[in-house]
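The structure appears right after this line, and notes come after that.
The values are calculated or read from the model by the stated rules, or taken from the named source; none is laboratory data. Just so it is clear, the model here is predicted, and its values are computed rather than measured. Cβ sites come from the backbone with ideal geometry, for glycine too, and all protein chains shown count toward neighbours.
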Amino acid sequence: MAPKRKPATWNPAEIKAEMLKRYPPKVARRRDKQIMINEALANDTPEITANVRTIPGIITMRGCTYAGCKGVILGPTRDIVNITHGPIGCGFYSWLTRRNQTDASGEGDANYMTYSFSTDMQDKDIIFGGEKKLEQAIQEAYDLFHPRAIAVFATCPVGLIGDDIHAVARRMKAKFGDCNVFAFSCEGYKGVSQSAGHHIANNQIFRHVVGENDAKKPGAFQINLLGEYNIGGDGFEIDRILRRCGITNIATFSGNSTYDQFASAHTADLNCVMCHRSINYVADMLETQYGIPWIKVNFIGAGATAKSLRKIAAYFENTELTEQVEAVIAEELPEVEAVRKDVRTRTAGKTAMLFVGGSRAHHYQELFKEIGMQTISAGYEFAHRDDYEGRRVIPHLKVDADSRNIEELTVTPDAQRFRLRRDSEQVQALEAAGLRFKEYEGMVPDMDAGTLVIDDLNQFEAETLVQAFRPDIFCAGIKEKFSMQKLGIPMKQLHSYDSGGPYAGFRGAVNFYREIDRLVNSRVWGYLKAPWQENPELSATYVWE
Ligand code: CFM
């Protein structure tokens, strides 16, 4: 038998105090507002501080603005040539690391994701300017591939030396005539995290690509799926389900997507927002400029998938669609339920901690709930207060210098193409029937009282948490993986899914239940003892001694 784990003996208030005590007073005061014990305060969701700078010296889990723009939003689109303007490291280390899959098996499908394009800036470009080199790189990519579009991404030095990447893009676009060239001022330091990069990417895709193709696409019940990035094939599974239901997906932002999908997105009749943090800007702009409403969906979890399909059906108010959605749910669920019930006998009562990005730390709690596991602590790396507390806090958000740094597009109704998909009376009737537009309630209301919600968790706090509570599983990313495993805690990467997935939709839920069952019931962790647990101090002697 594996030795039994020590039961948790700490309560959340003690553990919070324990974390803060190790910081200098000024740091402690700031972290205090980002470490929140989930308790109802006068029937209101407790407030957390989020989307603020990480304190220098703290080992954060966050990434940079360039990563959020180039890697997250534009990364999964296969037929746009993405050129990193900067030293080679930024382009190279953001290349093929996110496990966003694509299907380029169609006749003539372009796929540039397998290439790493960079201007490879050198000292001389930093000193004399890199615009010439960028122009040459764009020309070379055009000559080699003749792509539909070329996108340019600025890295830190580009902003520091002041290269005008937008002027270069405009010039090259005019020169080619048949290739859309646009650029992103997404220097790594532009915001406090990758979140700023999402916003910058949303703005430029909306400005330069959305609305470029007015042709009506075939298919009934046309939606866009916003904030789904096809990690580990999630998007394939969701598309399979949508197809079975007879729902047409015009554009996914941006899993398995193409340039033409973005260009046609304004022709859809409903936007379904999955990852609220990364893409809510596009949802709002599509509504204002083209009259397309949006609803929040979630395809992580079998129950959440069924609920989201029903929401889409409710919006279209079509009996045939409703019946088809119910038929698909009825056909798919029994197999999921059989696995779920079996797995649950071995997972019920176990505990999880989730610290991921800006939406998964919330969405994946659904899957754990389905197999009877409790999330005792969770947090986002870079989400904003609305992702924790719900969108109703948006009017109260502080606009600080860092957020002011990011451009807000002024969007107005399109003179020709604005078409209100549902007028206010229809919206009211749908809301009366239970459908909610433009609404996201956030993570905190879904979590149990007394749980710890921590924004921008760092290495020290992660280790403190885990040592105190000994959760049965810890979910985060590659930077956390091995330090957690060394503490004897099973670790699941919820960014890349390790080598697994899909975890979305019905088949994804089955994959996830089985994976978690395997991880939390593996006895190997109980045997683990790190060398320093027995000999906490390293000592050595010189060979000649
Ligand atoms: Fe949205 Fe994402 Fe996430 Fe995100 Fe990301 Fe990601 Fe993520 Mo990693 S877009 S916020 S910037 S769901 S790459 S697919 S897993 S941190 S929780």
Residues in segment 21-72 that are surrounded by fewer than 17 Cβ atoms within 10 Å (Cβ to Cβ) and among the small types (G, A, S): how many? 4
Residue pairs, Cβ under 8 Å, 6 or more apart or interchain, first in segment 213-238 and among the basic types (K, R), second at pLDDT 95 or above. List them. K216/T267; K217/T248; K217/I250; K217/S264; K217/T267
Taking the residues in segment 184-198 that are touching a residue at least 60 places away in the same chain (Cβ under 8 Å) and small (G, A, S) as candidates, determine which candidate is surrounded by the most Cβ atoms within 10 Å (Cβ to Cβ). G197
Take R385 and decide whether it is under 25 Å from Y189 (Cβ atoms), basic (K, R), within 16 Å of the ligand (Cβ to nearest atom) and surrounded by fewer than 23 Cβ atoms within 10 Å (Cβ to Cβ). yes
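Name every residue in segment 130-158 that is surrounded by fewer than 16 Cβ atoms within 10 Å (Cβ to Cβ) and not in a helix (DSSP H, G or I), in order of residue number.
Once the filter is applied, which keeps residues that are surrounded by fewer than 16 Cβ atoms within 10 Å (Cβ to Cβ) and not in a helix (DSSP H, G or I), segment 130-158 yields only H146.
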Going by what's in this entry, would V411 be described as farther than 15 Å from R277 by Cα, at pLDDT below 95 and not in a helix (DSSP H, G or I)? no
I'm checking my understanding of the structure. Among residues of segment 224-240 that are of a type in the set (A, V, I, L, M, F, W, C) and surrounded by fewer than 24 Cβ atoms within 10 Å (Cβ to Cβ), which one is farthest from the ligand (Cβ to nearest atom)? F236
Mind checking whether some residue in segment 60-73 is assigned to a loop (DSSP other than H, G, I, E, B), more than 11 Å from the ligand (Cβ to nearest atom) and more than 24 Å from Y281 (Cα to Cα)? no
Go over the candidates A462, A468 one by one and state the one that is within 16 Å of the ligand (Cβ to nearest atom), assigned to a helix (DSSP H, G or I) and touching a helix residue (DSSP H, G or I) at 6+ places or on another chain (Cβ under 7 Å). A462
Pull out all pairs, ordered by first then second residue, where Cβ-Cβ is under 7 Å, the residues are six or more apart or on different chains, the first lies in segment 341-370 and is on the phi > 0 side of the Ramachandran plot, and the second is within 12 Å of the ligand (Cβ to nearest atom). G357/Y380; G357/E381; G357/F382; G357/H495
With the checklist (1) farther than 22 Å from V72 by Cα; (2) under 31 Å from the mean Cα position of the chain (by Cα); (3) part of a loop (DSSP other than H, G, I, E, B); (4) not β-branched (V, I, T) in hand, flag the one item C186 doesn't pass. (1)
Would you check which residues across segment 74-102 are without any contact (Cβ under 8 Å) to a residue 12 or more places away in the chain and crowded, with 24+ Cβ neighbours inside 10 Å and list them? none
Answer with yes or no whether V209 is more than 16 Å from S118 (Cβ to Cβ), β-branched (V, I, T) and either away from the ligand (no atom under 16 Å from the Cβ) or touching a helix residue (DSSP H, G or I) at 6+ places or on another chain (Cβ under 9 Å) (or both). yes
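Is there a residue being of a type in the set (D, E, K, R) and within 16 Å of the ligand (Cβ to nearest atom) anywhere in segment 285-297?
Taking every residue of segment 285-297 in turn, at least one turns out to be of a type in the set (D, E, K, R) and within 16 Å of the ligand (Cβ to nearest atom).
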Which residues, counting only those in segment 479-501, are assigned to a loop (DSSP other than H, G, I, E, B) and within 12 Å of the ligand (Cβ to nearest atom)? L494, H495, S496, Y497, G501
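If I filter segment 307-321 for residues that are assigned to a helix (DSSP H, G or I) and within 16 Å of the ligand (Cβ to nearest atom), do I get at least one hit?
Yes: one or more hits.
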